[in-house]
Amino acid sequence: MGCGSCSTGGGCTPNGCKSNGSCGTGGCQTMEVHDWLSNLDMPSNYKPFQVTEIKFKGSRKEFFLNTDNIYLEIGDLVAVEGPTGGFDVGHVSLTGELVRIQMKRRKTSLDQVTKKIYRKATEADVEKWNAAKGMEWETMHKARKLALDLRLSMKISDVDYQADKTKATFFYTADGRVDFRELIKKMAESFRIRIEMRQIGMRQEAGRLGGIGSCGRELCCSTWLTNFKTVSTAAARYQNLSLNTLKLAGQCGKLKCCLNYELDTYLDALKDIPDRIENLDTEAGYARHQKTDIFKKIMWFSYQGDENWIPVKATRVKEIMAMNKAGKKAPNLKEEAVQIAAPVIVEKSFDYENVVGQDSLTRLDERSRGKNNQNRNQKNRNKNDNRRDRVSAGEKNAGPNSKPQQGGQKSQQGGKPQQNGPKSQNAGPKPQQQAVPRPQHVNGPKPQGNNPKQKPVVRPEGALNAEGIKPEQSKNKNRNNRRKNNNRRNNNNGSENKPAAE
C-alpha cells in the first residue's frame, strides 16, 4: 500500500499501513529506498552489516552503528545518540548490504560513523518524542515574531526539536548574511533550550515543506530528488519554451528542476539543425524563418506578404545556406515543400454495448434544452391561435346591423323567446365588453299586465349565437320601433301614453 500522507509529517508510520511502514511500493516515507534484498536468502556464515540508516524529519538521513546487533526492520522506531548528547528518535530506513552501497554513494567511510543505536523506542520515548513534535508549530511562530521585532531580513520556515527537548534546530532562508546573535539570546530566554540556526536555500525549503507542483504531482524535491543542479534560462531556450518567469518558476521561486530532465535529448536533436538561421535567398525572394520542429527536423519559412508557411527539411536548409554563401539563389521553396500528412481522426470504439445512451456527460442538459424549446414553441402557437380567434370574433360583431353592446344591460322583460329559434352559443373567446352603465329610458318597456305571473327570461350577459350576434337584438329593435310609432299616434289623438299591445 503506497501512502502519501506522511511525506511532510515528521517521518511517522503512515495511518493504515499494515506493514509497519515497510510498504512494498516504497511510497510511505519521503526519499524511501526499496530493499530488493529483503526476500533473498543470505549465506549461513553471513554476518549482517552493523551500520543502519535512520531517517528523521525533513528527509534527513544519517548512519548509526548497531553494536548490540538489535534485530531491526524498515519502519521501526529506534532511540539513537544525539549529535550533542541526549537521545533522538527516528525511523529505520535501510538495513543490510544496501547500507554499504548507500555509504559508497554518499562517499562516507566506516570510520566516520561514530554514533550508536541505543534501543528500540519504548513507550516513554515515544511520548516524549510526540510532545516535542507538538511544540514545534508554536515555537516557530514565536521565533518569527521575535525576528520581526528585531527587523531581521530572514524567514524562519521550520523547527526541528530533539526527542528529549534539549535542543531545537531553526531552519531559515535569507538573501544574505544575517546577524542573529541578539535573536538567539531572546530565543534562549523564552524557550530555555539550546538553539541551532541553520540557513538553507529556497529549494531545500520547498523540499522540507512539500507541496503540489503545477504538474499535479508532489514536488520532486520532497519525494526523490536529493541533489539540486543549477537551472538556467538556456534550458528553456533550447526547448523552445516561452521565457515567462511565472510558468518556468516553481513554488520555491526558482526555475523548475524538471527543465533539466529533457535537456540532453533536445541537445542531441539540435545537432542536425543549423544554429544561426538567416533569411534564405531564393528566386521568389527572401524567405524568413518562422519556427522549427526539433524532433521531426522540419523548418517553416514564409515569403514577405504571404501568410502561408512552407515546411522544409533541415538538411535541405543547410544546402540552401551553402548555396547562398557561394552567391547562388535557391529555387522557390514551394517546389521543395514537405508534404505533411493530415492528422488522422480516430473514431471512438467502445468495448461495450451502449444500451441506455449514457456516453455523453451533457446528455441530460441536451434533453432539457429540447423540452424547453418544445414548450416555448407550443406556448407561442397557443398565443397565436387565441389572437386569431379574437380578431375573427371582432370582425363578425362589427357588421352593418350590429350595435355596440351596452354594459350593465338588464335582462329582457316580456314574453319568452321562441323555443325553436337559434340557441345562444359561445363562439370562441368573448370579446372585451365596455362595462359602462347607462341609465334606462323613461319610456322603456314595462311588464305586460295580462300575465303577471310570467317572469322575464334571464340570459347570460353577452351570450352570442353561432353568427356572433345576440338572438334578441334584431327582435328588440323592431319592437322598439313599433312602440315609438304607437306613442306618436296616441299623443296626437290625446290618448294616454301607454305602450301598444302586441
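Data for the structure
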| read-out | value |
| --- | --- |
| TYR118 long-range amide H proximity, modeled H, under 5 Å | ALA79, VAL80, GLU81 |
| FRET efficiency for ARG60 and ASP264, using Cβ-Cβ distance with R0 set to 35 Å, rounded to 0.05 | 0.70 |
| Rounded Å value of the spacing that divides the Cα centres of the stretch 236-280 and the stretch 68-117 | 41 Å |
| Theoretical gain in end-to-end length, ARG177 to TYR286 [0.36 nm per residue, Cα-Cα removed] | 33.6 nm |
| Among ILE345, THR245, GLN290 the positive-end extreme of the charge dipole of the stretch 232-350 (Cβ point charges) | THR245 |
| Table column - 3J(HN,Hα) (Hz), the stretch 315-331, Karplus curve with 6.51, -1.76, 1.60, x for Gly and Pro | 5, 5, 5, 4, 5, 5, 5, 5, 5, 5, 5, 7, x, 10, 9, 8, x |
| From phi via Karplus (6.51, -1.76, 1.60), per-residue ³J(HN,Hα) for the stretch 92-102 in Hz, x at Gly/Pro | 6, 9, 7, 9, x, 6, 5, 5, 4, 5, 5 |
| Order by protection proxy (mean Cβ within 10 Å, highest first), peptides 69-76, 306-313 | 69-76, 306-313 |
| Approximate spin-label separation ARG387-ALA188, in nm, with each point projected 7 Å along Cα-to-Cβ | 9.4 nm |
| Size of charge dipole - the stretch 135-209 - debye, nearest 20, with Cβ of Lys, Arg +1 and Asp, Glu -1, no other charges | 140 debye |
| Net lengthening on full extension, ARG237/GLN304 (0.36 nm per residue, minus Cα-Cα) | 21.5 nm |
| Added length on full extension, which subtracts the Cα-Cα distance from 0.36 nm per residue, LYS313 to THR84 | 75.8 nm |
| Whole-Hz couplings from phi, Karplus 6.51/-1.76/1.60, listed for the stretch 111-127; x for Gly and Pro | 6, 6, 8, 10, 7, 10, 9, 6, 6, 6, 5, 8, 5, 5, 5, 5, 5 |
| Cleavage-rule hits, trypsin sites (Lys or Arg not before Pro), the stretch 67-168, DSSP coil, Cβ neighbours within 10 Å at most 13 | ARG106, LYS107, ARG151 |
| Overall form of the stretch 273-336 per C-alpha gyration tensor (a/c, 1.5; a/b vs b/c) | oblate |
| Of all DSSP beta bridges in the stretch 135-209, antiparallel share, percent nearest 5 | 50 percent |
| Whether the stretch 135-209 is rounded, prolate or oblate, judged on the alpha carbon gyration tensor where a/c under 1.5 counts as rounded | oblate |
| Two-site FRET efficiency, LYS329 against PHE49, from Cβ-Cβ distance with R₀ of 56 Å, rounded to 0.05 | 0.15 |
| Cα gyration tensor, the stretch 250-299 - rounded (a/c under 1.5), prolate or oblate | prolate |
| Sequence of TRP300, TRP224 once ranked by neighbouring C-beta atoms within 10 Å, starting from the fewest | TRP224, TRP300 |
| Within the stretch 182-216: backbone nitrogen closer than 12 Å to the GLU136 label point (7 Å, Cα to C-beta) | 208-210 |
| Cross-link pairs beyond the 32 Å C-alpha cut-off, checked among LYS128/LYS229; LYS116/LYS145; LYS107/LYS256; LYS155/LYS256 | LYS128/LYS229; LYS116/LYS145 |
| Computed magnitude of the charge dipole of the stretch 26-149 (debye, nearest 20; Cβ of K, R +1, Cβ of D, E -1) | 520 debye |
| For the stretch 331-347 versus the stretch 157-180, the gap between their alpha-carbon centres in whole angstrom | 61 Å |
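Readers should treat all values here as calculations from the given coordinates under stated rules, not as data from a laboratory. Nothing here was measured: the structure is a model prediction, and the numbers come from that model. FYI the Cβ positions are ideal-geometry reconstructions off the backbone, even for glycines, and counts take in every protein chain you see.
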